[in-house]
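Okay, structure first, notes after.
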Amino acid sequence: MVAVDISDVAIDRAAKAASDAGVTVDWRAVDPTVHPPEPGAYDLVSLQYPALRHDAG
């Protein structure tokens, strides 16, 4: 399983919770609007309430 979040803090917290639960996850701090997954790379992509960056101005 690969889990992605734009927030380093969210990744750190989730990684600790997963480790405490004995769950193995490949955690990645990535902005999916800048680095979307390669087509066909995953069987399922689920995006929940994305925290999108807004341009200043």
*Where does each of Asp31, Asp20, Asp43 land when they are ranked from fewest to most other beta-carbon atoms within 10 angstrom?*
Asp43, Asp20, Asp31
_Compute the helix-to-body angle for 8-21: its Cα long axis versus the longest principal axis of the chain, expressed 0 to 90° and rounded to tens._
20
*asked:* Could you work out the pair-distance distribution P(r) of the chain from its alpha-carbon pairs, with 5 angstrom bin width and percents rounded to whole numbers?
replied: 4, 15, 26, 24, 17, 9, 3, 1, 0
_Using each residue's phi in the range 39-44, evaluate 6.51 cos²θ - 1.76 cosθ + 1.60 at θ = phi - 60° and report the 3J(HN,Hα) Karplus result to the nearest Hz, with x for Gly and Pro._
x, x, 6, 10, 6, 8
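Read-outs: derived from the displayed coordinates by stated rules, not from any lab. These numbers were taken from a predicted model, which means no experiment stands behind them. Please note: Cβ atoms are built from the backbone with ideal geometry, for glycine as well, and neighbour counts cover all protein chains shown.
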